[in-house]
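The values are calculated or read from the model by the stated rules, or taken from the named source; none is laboratory data. Keep in mind that what you see is a predicted model, and the values were worked out from it rather than measured. So basically every Cβ, Gly included, is an ideal-geometry build from the backbone, and we count neighbours across all protein chains shown. Heavy atoms of the whole protein, side chains included, go into the accessibility calculation; ligands, DNA and RNA do not. Shrake-Rupley method; radii C 1.70, N 1.55, O 1.52, S 1.80 Å.
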Amino acid sequence: MAWEFESGLPIYLQAADMVQKRVIKGDYPRGSRLPAVRDLAMEAGVNPNTMQRALLLLEERGIVFSQRTAGRFVTEDAQLLEALKYQTARKQVLSFVKRMDELGYGPEELEVLFRRVIQEESTAAQISSENIMAGQEQAHGSL
């Protein structure tokens, strides 16, 4: 997941959101140690003080915790992380539904649209996978 920042929102809030998403996704599993502040800041392309502020916000939310000399760790609280994942997904869905409503899609039409797009993507991925395998077979046959 790339670190892409938008104008209008403080960078530390966006950095906190990105670390939180990585926790939700499992890039930083429950109980795991986070990279050092300086390493995260360098990866994100931000000042270490900005990253420190982002991580303090995540500590306030209970998503990460500090151990004095060992660094910061992701919470072990599975319920908290599952609730956070649901809340984050719900927010995304509501935003999407609002934008689709602006295009004239109602709930039933959205359901049909979702199924259609997912089916198209599934078919495209399958075709792509088959083409890759066919190309590999041709390459091995020509050796």
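Below 8 Å, C-alpha to C-alpha, sequence gap of six or more: please give me the relative contact order for the chain in percent.
The normalised contact order for the chain reaches 19 percent.
Would you work out the charge dipole size for the chain about its Cα centre, treating the Cβ of every Lys and Arg as +1 and the Cβ of every Asp and Glu as -1, and quote it to the nearest 20 debye?
With Lys and Arg at +1 and Asp and Glu at -1, about 700 debye.
Using only the Cα atoms, what convex hull volume per residue in Å³ does the range 47-121 have?
Value for the range 47-121: 173 Å³ per residue.
Calculate the radius of gyration of the Cα atoms of the chain to one decimal place, then report Dmax, the largest Cα-Cα distance, as a whole number, both in Å.
20.8, 60
Counting each DSSP H run of 4 or more residues in the chain as -39500 (n - 2.57), what helix-only mean residue ellipticity at 222 nm follows after dividing by all residues, to the nearest 500 deg cm²/dmol?
-23000 deg cm²/dmol
So, by mean Cβ neighbours within 10 angstrom, what's the order for 111-119, 17-25 with the highest one leading?
Top to bottom by mean Cβ count within 10 Å: 17-25, 111-119.
Quick one: if you stick a label point 7 Å off each Cα along the C-beta vector at K98 and R116, how many nm between them?
Placing both labels 7 Å along Cα→Cβ, they lie 2.5 nm apart.
Rounded to two decimals, what ratio of Rg to Rh does the range 12-63 give with C-alpha atoms and a Kirkwood Rh?
Ratio of gyration radius to Kirkwood radius: 0.92.
Apply the Karplus curve 6.51 cos²θ - 1.76 cosθ + 1.60, θ = phi - 60°, to the phi angles in the range 75-88 and return the couplings in whole Hz, x for Gly and Pro.
These are the phi-based 3J(HN,Hα) values: 4, 8, 6, 4, 5, 4, 5, 5, 5, 5, 4, 5, 4, 5 Hz.
Which one of P35, G104, A134 is farthest out on the positive end of the charge dipole of the chain, using unit charges on Cβ (Lys, Arg +1; Asp, Glu -1) and the Cα centre as origin?
Of the listed residues, the answer is P35.
Report ³J(HN,Hα) in whole Hz for each residue of the range 106-116, in order, from the Karplus equation J = 6.51 cos²θ - 1.76 cosθ + 1.60 where θ = phi - 60°; Gly and Pro get x.
Coupling constants for the range 106-116: x, x, 5, 5, 5, 4, 5, 4, 4, 4, 5 Hz.
Residues of the range 31-78: accessible area per residue at 1.4 Å, in Å²?
Per residue, the range 31-78 has an accessible area of 59 Å².
Residue by residue, what Karplus-based ³J(HN,Hα) values in Hz, rounded to whole numbers, does the range 94-104 have, using 6.51, -1.76 and 1.60 with θ = phi - 60° and x for Gly and Pro?
4, 5, 4, 4, 4, 5, 6, 4, 5, 8, x
Sort the range 36-86 into rounded, prolate or oblate with this rule: let a ≥ b ≥ c be the square roots of the eigenvalues of the Cα gyration tensor; rounded if a/c is under 1.5, and if a/c is not under 1.5, prolate when a/b is larger than b/c, oblate otherwise.
It is prolate, given that a/c is not under 1.5 and a/b is the larger ratio.
Tell me the net charge near P10. Cut-off is 11 Å between Cβ atoms, P10 excluded, with +1 for each Lys or Arg and -1 for each Asp or Glu.
Overall, the nearby charge balance is -1.
How high is the relative contact order of the range 1-64? Use alpha-carbon pairs under 8 Å, at least six apart in sequence, and give a whole percent.
Over the range 1-64, the number comes to 36 percent.
Of the heavy-atom accessible surface of the chain (probe 1.4 angstrom), what whole percent is carbon and sulfur?
On the chain, the fraction of accessible area on carbon and sulfur atoms equals 53 percent.
What nm distance separates the two modelled labels at R90 and K21, each placed 7 Å from Cα along Cα→Cβ?
Modelled inter-label distance: 2.0 nm.
What angle do you read, to the nearest 10 degrees and between 0 and 90, between the alpha-carbon axis of helix 48-60 and the longest principal axis of the chain?
It works out to around 90 degrees.
Using the per-residue mean of other Cβ atoms lying within 10 Å as a proxy for protection, in what order, highest first, do the peptides 79-92, 35-48 fall?
Peptide ranking by packing, descending: 35-48, 79-92.
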